[in-house]
Amino acid sequence: MALVEAIGVRKSFGHTEVLKGIDMEVERGEVVCLLGPSGAGKSTFLRCVNHLETIDAGRIWVDGVPVGFRAAGGKLYELRERDAAHQRRDVGMVFQRFNLFPHRTALENVMEGPVQVLGRGRAEVRAEALALLERVGLAEKAGAYPAQLSGGQQQRVAIARALAMKPKLMLFDEPTSALDPELVGEVLDVMTSLARDGMTMIVVTHEIGFARSVADRVVFLVDGAVVESGTPTDVLDNPQQPRTQQFLAKVL
Amino acid sequence: MASDTRLNDAGEELTGKDLVVVPLRHPWRWFSGAVIVLVIAGLGWAMSEAQIQWEDVPGFFTHPVMLEGLLNTIVLALAAQGGAIVLGVVVALMRLSANPVARWFAVGYIWLFRGLPVLLQILIWFNLALVFQNISIPGVFSVPTNVVMTAFVAALLGLGLNESAYMAEIVRAGLSSVDEGQTEAAKSIGMTPMTTLRRVVLPQAMRVIIPPTGNNFINMIKGTSMASVIAFLELIHAANNISSRNLEIMETLFAAAAWYLVMVSLASVGQHYLERAYGPR
């Protein structure tokens, strides 16, 4: 069974329907990039996978569990916020604007989840957190506060913070869009090595080069619907749909 | 035609090396400074000439009744402010809640307790026995109102409830000042709403909450003086008690004034350290 299964996902904000029935499957270890013009619903879909947004119709299963709901007697019951929080432990998320906790150091940011959410001992968590900072190349910045770090460094700490929960799935919401151009590479490098290590990832991005070299599959969204989906070679080099061709002609 | 040589007003030729720079003079600064010093000196002289027994003031400052009033003032201010902070957080959370009934209750609460003068609220609580002989939950308990509603309790309710309405607005502003992305990041690592509030939102909201709370606490210290109208033995009432025996009204009031300044100064120092503890990194 696929790690992520989305069937007929719909979501409206007010009278605007942002997702118009999205179907998507992500296998274990697969890296899927969501591409498309702004307003296509890429970020909204990603947030639904983490139940940061509640879907209006359809369903999303992560590792056999309906996200944000409890299945019983042929019905889906919406979860209370604290039960939804329990589900989110297994899904890491990286935001466009980093959202590090500004009142805690890089190390404390990474330790926060395992200590406060999982209730694990500080000593072992500290060792793991330092190893994670090492992995994203920031071991020497452990004691720095977010304001003392560059955007690229903050985003790498944010990745380490998400990884500290040992997630089954990582969601990236335009992780390099708020970065100065010369800092994009260091974040993409970390994401690439994560993908090589077999992490299942859904990445909303405008970095076509990253999608081409790292993604197993590219999904192209327009106006809340999947227009085209396939390997990077198929979708990026040989797009079948006119809307995909238009978009790629502009960004490539 | 432009000339290479520059002349001054008197027609003398100016050369670069022997020019002296004269800074702009500020005669009015000297004048206004002198006026201020004179005014202060005059006031000091007037005080020394006034019909005040200065030598009696230190005695009143440490008079046992004055010290009892001081202690009561401190206890009342701390209890009222402490209760107001707890209630204020609750009302602020109701104000921001998704439950419309809670939201409207919070709005009404703030409207009522912020809208009425503190003195009036103290008087209403103190005289509650006139309209409710007993305070009771039917079948659970019942106590006579005039036993429960002592001067201290009435002052505590009057000052504390009024302050809690202000605290609710201060806390709401603090919570709203924290970026929504912080809550989302906390959720994304699996934090429950309570943990998110305690570990992520409140610590950051404190930066916005502390300065106005410090101001309000200083107001609270002085506001306890209103409890003197219901004969609660705080500083002013203590000063009046002492002077009713010896008629040294100004001397006792000055002693009380000195205590207020001491308390307010200490509160300001405390606020400074709190602000530093929660300051930006």
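Coordinate-derived values only; no laboratory data. Computed from a prediction, not measured in an experiment: that's the story for all the values here. Don't worry about glycine lacking a Cβ; one is built from the backbone with ideal geometry, like all the others, and counts go over all protein chains shown.
B:N134 to B:S244: extension gain in nm, 0.36 nm per residue of separation minus the Cα-Cα distance? Present the calculation step by step, with values, prior to reporting the outcome.
On the way: separation 110, 0.36 × 110 = 39.60 nm, distance 3.54 nm.
Once the chain is fully extended between B:N134 and B:S244, it gains 36.1 nm.
Using just the C-alpha positions of chain A as equal point scatterers, what log10 of I(q)/I(0) does the Debye formula give at each q in 0.07, 0.10, 0.16 1/Å?
-0.24, -0.49, -1.22
Given labels modelled 7 Å from the Cα in the Cβ direction, how far is it in nm from A:D56 to B:Y278?
Calculated label separation equals 4.0 nm.
Would you report the distance distribution of C-alpha pairs in region B:130-281 as whole percents per 10 angstrom bin, up to the bin with the largest distance?
Calculated P(r), rounded to whole percents: 10, 24, 24, 22, 15, 4, 1.
For A:K141, give me every one of the aspartates and glutamates with a C-alpha distance below 14 angstrom, ignoring sequence neighbours fewer than eight places off in its own chain.
The qualifying aspartates and glutamates are A:E108.
Counting just the Cα atoms, what span does region B:86-163 cover along each of its three principal axes? Round to the nearest Å and put the largest first.
Projected onto its principal axes, the Cα set of region B:86-163 covers 39, 33, 20 Å.
Determine the gain in length on full extension of the stretch A:E140-A:H206; use 0.36 nm per residue of separation and subtract their C-alpha separation, reporting nm with one decimal.
20.7 nm
Evaluate E = 1/(1 + (r/R0)^6) for B:Q53 and B:V148, where r is the Cβ-Cβ distance and R0 equals 60 Å; express this FRET efficiency to the nearest 0.05.
Working: r = 42 Å, r/R0 = 0.70.
The formula returns an efficiency of 0.90 here.
Taking 7 Å along the Cα-to-C-beta vector as the label spot, tell me the B:V22-B:S268 distance in nanometres, rounded to one decimal.
4.2 nm
Sort B:K222, A:K42 so the one with the fewest other Cβ atoms within 10 Å of its own Cβ comes first.
In order of increasing Cβ crowding within 10 Å: B:K222, A:K42.
Please enumerate, by chain and number, the lysines with C-alpha under 30 Å from the C-alpha of A:K20, excluding those fewer than 8 residues away in the same chain.
Hits, sequence-local ones excluded: A:K11, A:K42, A:K75, A:K168, A:K250, B:K187.
Taking the Cα-to-Cβ direction at B:F141 and at A:L118 and moving 7 Å from each Cα, how far apart do the two end points lie in nm?
Distance between the two pseudo-spin positions: 4.7 nm.
Using Cβ counts within 10 Å as a stand-in for footprinting exposure, how do A:Y77, B:Y260 rank, fewest first?
Ordered by Cβ neighbours within 10 Å, fewest first: A:Y77, B:Y260.
May I ask you to list the aspartates and glutamates whose Cα is less than 20 Å away from that of B:K222, ignoring any residue fewer than eight positions away on the same chain?
Qualifying aspartates and glutamates at Cα under 20 Å: B:E68, B:E163, B:E234, B:E251.
Under the rule of -39500 (n - 2.57) per DSSP H run of 4 or more residues, summed and divided by the residues of the protein assembly as shown, what mean residue ellipticity at 222 nm is obtained, to the nearest 500 deg cm²/dmol?
-16500 deg cm²/dmol
Enter the mean projected area of the convex hull around the alpha-carbon atoms of region A:107-252, in nm², rounded to one decimal.
9.8 nm²
Can you sort B:I218, A:I159 so the residue with the fewest Cβ neighbours within 10 Å comes first?
B:I218, A:I159
Work out, step by step, the length gained on full extension between A:I7 and A:S213: first 0.36 nm times the residue separation, then minus their alpha carbon distance; give nm to one decimal.
Length difference between fully extended and current span is 71.4 nm.
Any idea what the alpha-carbon Rg over 2.2 N^0.38 Å comes to for the protein assembly as shown?
1.42
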